[in-house]
Amino acid sequence: MVTILHRTFLLATLSLFAAIPAWCAPTWTQPTPEQLKMTSDPAAPDAPAVYLFHEETVDDNVHFHRVYAQIKILTEKGKEDFSDIEIPYEGGGSDIKAVEGRTIHADGTVIPFTGKPYSKELVKSGDVKWMAKVFSMPDVQVGSIIEYRWELQYSDDWYMPPRFYLQESAFTHKAHYHFVPLNLATTTRILTGKDAFGKETVANRLLYYSNLPPGVKVRAGMDGYDLVVENVPALTEEEFSPPLDSYAYQLLFYYSQASSGVDFWKEEGKVWSKDVDRFANPSDKIRQTVAGIVGVGDSDDQKLRKIYAAVMTVENTRLTRERSAEENKAAGLRVKTAADIWEQKRGSDDEITRLFIAMARAAGLKAWAMAVPERNKALFNGGWLDWSQLEDEIAIVNAGGKEVFFDPGQRYCEFGKLHWAHTQMLGIRQSDSGPALMTTPGATYQDNQMLRTADLTLSADGTLKGTVRISMGGAEALRWRQEALRTDEQEVKKDFETLLRGQVPDGVEIKTNHFVGLTDNTTALLVVMDVNGSLGTQTGKRVFLPSAFFEAREKPLFAAGKRENPVDMHYPYVAQDKVDLVLAPGLAIESLPKGTSIPIPQMAIYKADYSNAGSTYHQERVMAIGNTLFKAAEYPQLREFFQKTGAQDQEQVVLTRSAEGSAAGDAGKSE
Amino acid sequence: MRDQTKERRARTSPISGRPSLRGARIWTAALLMVGCVAMAHASKDAQLPDWVLQAATDAPLKADWRDAKAVYLLEDTLITVQPDGRPVERYRAVVRILRPQGRDEAHPVTWFTKDEKLESFHVWSIGPDGHHYAMKDSEYIESGDVGAGEGILYGDIRMKVASPPGADPGGVVAWEYVKQLSPYFAEDTWGFQNRVPTVRSVYEIDLPGGWHEEAVWARHARVETAEITPGHFRWEQANIDGIDLADVPLAPDWEALAGRMTVHFSADPLPEGDALWSKIGNWYYTLAAPRSEGGGDVASTARTLAGDGDFMAKLAKVADFMQQQIRYVGIEIGIGGWQPHPAQDIFRSRYGDCKDKATLTVAMLDAVGIRGAWVSVDDRRGVIDPNAPSLFGNHMIAAIEIPKGYENPRLQAVVTTKSGRRYLIFDPTNPYVPVGQLPDYEQGSYGVLAAGDDSQLIQLPILNPDAESIERKAKFELAADGTLKGDVTVLRYGALSDGMRGRLAMDSDKEQRELVERLLQHDFSTFTLGDEKVAHVRELDKPLEMDYSVTAPLYAKGAGSLLLVRPRVVGSDAEGLDEKPRKVPISFTGVGTWRDDFDVKIPAGYTVDDVPDPVSMDVGFATYHSEVKAEGGALHYKREYVLKKLELEPGEYAKLRKLEAAITTDENSDAVLKKQ
């Protein structure tokens, strides 16, 4: 009997690799005359290349994974992207063998691959070595068909159920996937692996998760599992897309001890929950600490605020530098429980979350952990029985009979709020009745507010002076506060200046004077900036000023006219601007833009108002985005909204100059 | 690669040569890999070498280094040249982290290859709390994935990196390695200046008895050589400022500013100056020339391609084949980092790296009676210093000898050597700059011509600004509601079309359209792109042409009875500069001429009430003329910007700022239309 490890990393890498291929018959596939002549593909009009055929065959009894690919090169980009093949594998127990290939030109000329595949060491750390076999196809031209195959042979001690990711970086006309699993009924071997918490598990059945194109089914037979798909679209990358890999077509096999998904999540959830409870045990030390933090008569809310504030003082090593267990040991530290985290005043994001839970429990409150993915990376897939997709932990506390969500693992996240990547996420939580599925709450635009004010004075020669104050809460404040943890205040000042310089009008110089609340998440973050430089352009008679000081150089979001994917704006927000500009004697307002309101009902609103009181120009602007996720069908409306608001922000204020103003203005002209 | 780390900069690296940000990516990947695994082991009360403890306890830092992210307390290099000429390097570094970002400077790393054996690598650190740590061999990460993603399919360069404990502000990280250096090169470089300040830097070389050394200095005054014992030479510098170019607009490459010393060593007396450059060129010629002896296929294909035309016609055909048919793929093992593959192999597989492409170019031209040679260059202008002969460089291109008396207006990138021979400089790796011209990033640089007895240092030409131009022409019609509608043509000539041709060549029709939309996003808040067409992307003898129609609602802004219109409708030539005192030279991407010619027909019922003042500036290194005229019911906007120099001294920054302010103002100025 042999202990078997599941080579998870390798399979993920294999299947994600761009130039992935599949096995084939011993002879090459003769392309059709149509395929040879093809210069573009109506099925994928913009494709740089298309897979004509792609096949993968895996047999876990004889330990091989064969790959074959037949790819039509349609453009220079296709030539660049698909001619070099790199096949990653784990060294020491597997190798890539039987590499063969050929290039067929559009006229049918065949150039066999006679080169040498090279073995490249990608990374070596301790006993683990990740390798890649690399080779380049010969004489690839636009119009060529390249064809290659290879075989991953792995040790008799390894079993590697495949993960077939059906969507590639190119359109696939036809693909065939076949898997012969280990015969679990007859094998004398015991398959063991470790779960996400290091606990050894024994696998006794084969499971698979599939997300397949409509009408396509996996055929299970005596010969194994078989899948044929046709006309599979490529994955398209677009800005502000949700994590597309989570939606992609895929077929994932794995050996498991779970009899069903429900059982798996229940059992794994119990293991995780036990681990949380062990770590977040409200030990005597924790109770003592909490007793020193909260008052006897404090309400639940008051207790939580005090505990949260205390937890926020703990160094979050995810934002600074992670220390190894050995490093902690050398410093006389250990990390076994929440009490250790409190004592050493530093911990990872999840450890700090668990510390918060422990302290809340010690204060007599009901507190639970919840495991969630990060929305900027992946969505939770309950059909794929793998705990590791739940990357982060947040906390839920019953305060005054109401469950409140906290994100103490995100240092400086506001009390009772979540980092945007943890909002609206399906995950698994602890509860009185055991682990359960739950979706985290979303944010509202009030959670993410920004107020920008500018008090400015414009001289007759165009010189500008003044002060800008930017006050923010929610996601933006968290972003800057965490940047200050990763770097330092000096760097954040510089980055803030760089950001603002890209927004305010040309000629305006802006310098960060100071921050208020950079390390205090209980107040709004205030940035005070000094303004200098020049403002406006002039003709013989007039001076023109940008009407929207803070948006003068901003470009509207979404240039592309068409869109395929939904839009994820990350979080809702409201941004308000108030600008006062005192004009020099000799300058008078001839014309102001008309105020306007641009709405997308139930989703967004924009308002702009312009006025003057004597020689002071006053502008107010509000932009509120109420939704986070927009369907692809809503894209035209969203794009139009940003274009219209962008156009409004480009309106000009027209000033006229008296003789006095003209003389001063001329003095400032370039040669 | 070399511009990312001190250690790498000081070594001679392979010529793989496709201009890129390759180094940045490699370094980032290495750091990511370090982050992927368990962090370093620490042993309490580890014994640290005296040189580490000594450096860590040295005197306080200079006051004007207070903003530094980190500081090298010590760099100490000892090169021991063995009797067989093979050098062995012992390198030591001690870095103190001053700010969180300073951790990036404290990642011990070393590179090695199959011919540069790493004999030892040790890392120590002192935490801010005073703890001493010594890392174990098993805690280091090795990677051979160097150059991946930048066309290097396989190379034998590997690196060893470490992420030491205690690497926090206030902490100290130290490392030492010993490795055999490449047996091919009889030189070594001491890069004593870093991005962060250096308190003390020491370099020593120990030569076998009777051997000779010659030290040359780049961007630094010569420091006297101290011969400690016979054949053992030493140089030392203290309190060297760092060069931080982050956020510096129009900055030269860091490597073009940092001081370095290259020491040559030999059993025979060493030549100096030009003769040393010539020796270096000859060394490469000896290495590469045998590889250019193409077989029958190479020669017959070259003859078929070239036909019976004159020099330029033949050259153009071969150049086109090299640029369009030979894919960039780098395979570099051992001396293969410098020596090209045989021309026959490159021809058969239709791929190769820069030196392979230069070699096949030489071979094919030779078959049609044209003599070619190699030029070792660096795509970072200014890195090769004429005062410091060395193998420094990261790219290989070709020099093609022009027959005596032959003239052709297409031959612009021409160099005349000391022997009086004329060479056309050609980069076959760049598929988008036509033969006869030269990519911007190579113009004005120095290179080593490897051409047998004509081997020497040459300066690559700076082309006439007229040869590189962008012309934007457009006719628009403005409606009374502010909607602007019209057709635009943009023509890009010469090397200025390089980048855009490269983008468009790789883009699908959809992506090309999206690219135009992104460009228009800079000029219009709201717009709809109509028909769009791109022509001559790969026809290098024709200008790259981009035609499109655009409709921009709300383009003109209403202001009472006025309509405000920006006559400079599309395209921007302005550079973003800062107000900080300029300390480093100003480096432009390339010289060139930019011309705009736009007509905007004004809506019926409106007259032109006011137009921006004309601008006319001549600042010596550039001229700018712009004018808006109102004629025939239309606004006519014309401008021309000519940039004549590639580099300016820091003292000219104020003049440049004034010019850029005028351009920016001109670009943003409005004309005023008034309702009649």
Item checked: Residues whose placed amide H lies under 5 Å from that of B:V375, excluding near-sequence neighbours -> B:I397, B:A398, B:A399, B:A450
Notebook entry, point to check: Setting aside same-chain residues fewer than 8 positions from A:K199, which lysines have a Cα under 18 Å from its Cα?
Noted result: A:K266, A:K270, A:K274, A:K336
Notebook entry, point to check: Label point 7 Å out from B:A275 along Cα-to-Cβ: which residues of segment B:206-226 have amide N under 17 Å?
Noted result: B:212-216
Notebook entry, point to check: Of A:K120/A:K377; B:K317/B:K542; A:K303/A:K345; A:K562/A:K607; A:K77/B:K510, which ones are farther than 18 Å apart at the Cα?
Noted result: A:K120/A:K377; A:K303/A:K345; A:K562/A:K607
Note to self: With +1 assigned to the C-beta of every Lys and Arg and -1 to the C-beta of every Asp and Glu, and no other charges, what is the dipole magnitude of chain A about the Cα centre in debye, to the nearest 20?
What the structure shows: 1020
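Could you line up A:K493, A:K120, A:K217, A:K174 from fewest to most neighbouring Cβ atoms inside 10 Å? Mind dumping the intermediate values first?
Numbers: A:K493 19, A:K120 23, A:K217 10, A:K174 15.
In order of increasing Cβ crowding within 10 Å: A:K217, A:K174, A:K493, A:K120.
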Check: Loop-only check: which trypsin sites (Lys or Arg not before Pro) in segment B:379-426 are DSSP coil with at most 12 other Cβ within 10 angstrom?
Finding: B:K404, B:K418
Note to self: Between A:Q153 and B:K117, what's the calculated FRET efficiency when r is the beta-carbon distance and R0 is 22 Å? Round to 0.05.
What the structure shows: 0.10
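What percentage of all Cα-Cα pairs in chain A are separated by more than 34 Å?
Details: 134212 of 224785 pairs.
When all Cα pairs of chain A are counted, 60 percent exceed 34 Å.
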Margin query: I'd like the distance separating the alpha-carbon centroids of segment A:612-635 and segment A:290-341, in whole Å.
Written below: 40
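Pop out the Kirkwood hydrodynamic radius of segment B:466-675 from its pairwise C-alpha distances, inverse of mean 1/r, in Å to one decimal.
Values: mean 1/r = 0.0544 Å⁻¹.
Taking every pair of different Cα atoms in segment B:466-675, averaging 1/r and inverting gives 18.4 Å.
Rounded to the nearest 0.05, what FRET efficiency do B:S300 and B:K475 give with R0 = 60 Å and r taken as the Cβ-Cβ distance? Could you check? Mind dumping the intermediate values first?
Values: r = 52 Å, r/R0 = 0.86.
Taking R0 as 60 Å, the efficiency between B:S300 and B:K475 is 0.70.
Taking a cut-off of 36 Å, what percent of all Cα-Cα pairs in chain B are separated by more than that? Walk me through the numbers before you get to the answer.
On the way: 112042 of 228150 pairs.
Roughly 49 percent, once rounded to a whole number.
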Margin query: Straight-line reach from B:K69: which aspartates and glutamates fall under 16 Å, measuring Cα to Cα and dropping same-chain residues less than 8 apart?
Written below: A:E483, A:D488, A:E489, A:E491, A:D495, B:D104, B:E105, B:D168, B:D241, B:D244, B:D247
Check: Under a 5 Å amide H to amide H cut-off, with H placed in plane at 1.01 Å, what residues pair with B:Y555 once short-range neighbours are removed?
Finding: B:T483, B:L484
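Taking the alpha carbon gyration tensor of the protein assembly as shown, what are the square roots of 5 times its eigenvalues, largest first, to the nearest whole Å? Don't skip to the answer; put the middle values down first.
Values: eigenvalues 433, 418, 268 Å².
After scaling each eigenvalue by five and taking roots: 47, 46, 37 Å.
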Notebook entry, point to check: When the helix-only estimate is applied to chain A (DSSP H runs of n ≥ 4, each -39,500 (n - 2.57), divided by the residue count), what is the mean residue ellipticity at 222 nm, nearest 500 deg cm²/dmol?
Noted result: -6000 deg cm²/dmol
Next item on the list: Apply 1/(1 + (r/R0)^6) to the Cβ-Cβ distance of A:A633 and A:K217, taking R0 = 51 Å, and write down the FRET efficiency to the nearest 0.05.
Entry: 0.95
Notebook entry, point to check: If you rank A:Y445, A:Y571 by fewest surrounding Cβ atoms within 10 Å, what's the result?
Noted result: A:Y445, A:Y571
Item checked: segment A:409-456 versus segment B:477-533: alpha-carbon centroid distance in Å -> 40
Next item on the list: For chain A, find the longest principal axis of its Cα atoms and tell me its angle to the long axis of helix A:489-501, 0 to 90°, nearest 10.
Entry: 80
Item checked: Spin-label proximity, A:F240 to segment A:629-655 - amide N less than 15 Å from point 7 Å beyond Cα toward beta carbon -> A:629-647
Check: Between A:Q602 and B:D618, what is the label-to-label distance in nm when each label sits 7 Å out along the Cα-to-Cβ direction?
Finding: 6.7
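Can you pull out the GluC sites (Glu not before Pro) in segment B:209-240 that DSSP calls coil and that have at most 10 other Cβ atoms within 10 Å? Don't skip to the end; give the middle numbers.
On the way: sites: B:E213, B:E214, B:E224, B:E227, B:E236; in loops: B:E224.
Qualifying residues, ordered by number: B:E224.
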Margin query: Place a point 7 Å from the Cα of B:K542 along the Cα-to-Cβ direction; which residues of segment B:504-521 have their backbone N under 13 Å from it?
Written below: none
Next item on the list: Along Cα→Cβ, 7 Å out, is where each label goes; now give me the distance between the ones at A:E374 and A:D461 in nm to one decimal.
Entry: 5.1
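Per-residue mean of other chain beta-carbon atoms within 10 angstrom of the beta-carbon, peptide B:503-511? Before the final figure, lay out each step's value.
Values: counts 0, 1, 4, 8, 5, 10, 4, 6, 5.
Going residue by residue through B:503-511 and averaging, the value is 5.
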Check: How far is helix A:475-486 tilted, in degrees, relative to the longest principal axis of the Cα atoms in chain A, given as a value from 0 to 90 rounded to the nearest 10?
Finding: 70
Check: From the residues B:P197, B:G85, B:G151, which one has its Cα farthest along the dipole of segment B:63-207 in the positive direction, the dipole being from +1 and -1 charges on Cβ of Lys/Arg and Asp/Glu about the Cα centre?
Finding: B:P197
Next item on the list: With label points built 7 Å along Cα→Cβ from the Cα atoms of B:S138 and B:K655, find their separation and express it in nm.
Entry: 6.5
Notebook entry, point to check: Which of A:Q424, A:N316, A:L304 sits closest to the plus end of the dipole of segment A:264-442, meaning its Cα is farthest towards the positive end, when Lys and Arg get +1 and Asp and Glu get -1 on the C-beta?
Noted result: A:L304
Check: Roughly how tilted is helix B:22-36, in degrees to the nearest 10 and between 0 and 90, from the longest Cα axis of chain B?
Finding: 60
Margin query: Contact order normalised by length for chain B, with contacts defined as Cα pairs under 8 Å and 6 or more residues apart; what percent is it?
Written below: 10
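Can you tell me the dipole magnitude for segment B:466-675 around its Cα centre, using point charges on the Cβ only (Lys, Arg +1; Asp, Glu -1), in Debye to the nearest 20?
Details: 31 positive and 40 negative charges, 51 e Å.
That gives segment B:466-675 a dipole magnitude of about 240 debye.
Counting other Cβ atoms within 10 Å, which trypsin sites (Lys or Arg not before Pro) in segment A:302-350 have at most 10 and lie in a DSSP loop?
Working: sites: A:K303, A:R305, A:K306, A:R318, A:R321, A:R323, A:K329, A:R334, A:K336, A:K345, A:R346; in loops: A:R318, A:R321, A:R323, A:R334, A:K336, A:K345.
Filter output for segment A:302-350: A:K336, A:K345.
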Next item on the list: Using θ = phi - 60° and the Karplus relation 6.51 cos²θ - 1.76 cosθ + 1.60, list the HN-Hα couplings for segment B:464-470 in order, rounded to whole Hz, with x at every Gly or Pro.
Entry: 5, x, 5, 6, 10, 8, 10
Notebook entry, point to check: Where a Cα-Cα gap under 18 Å defines reach, which aspartates and glutamates qualify for A:K37, not counting those fewer than 8 residues away within the same chain?
Noted result: A:D46, A:E76, A:D107, A:D139, A:E147
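Quote the charge dipole size of the protein assembly as shown about the Cα centre in Debye, to the nearest 20; the model charges only the Cβ of Lys and Arg (+1) and of Asp and Glu (-1). Provide the component values of the computation, followed by the final result.
Details: 152 positive and 192 negative charges, 318 e Å.
Dipole size: approximately 1520 debye.
The numbers here are math on the coordinates, done by the rules we state, and not lab data. Quick caveat, the model's predicted, so the values are computed rather than measured. We place every Cβ from the backbone using ideal geometry, glycine too, and count neighbours over all the protein chains shown.
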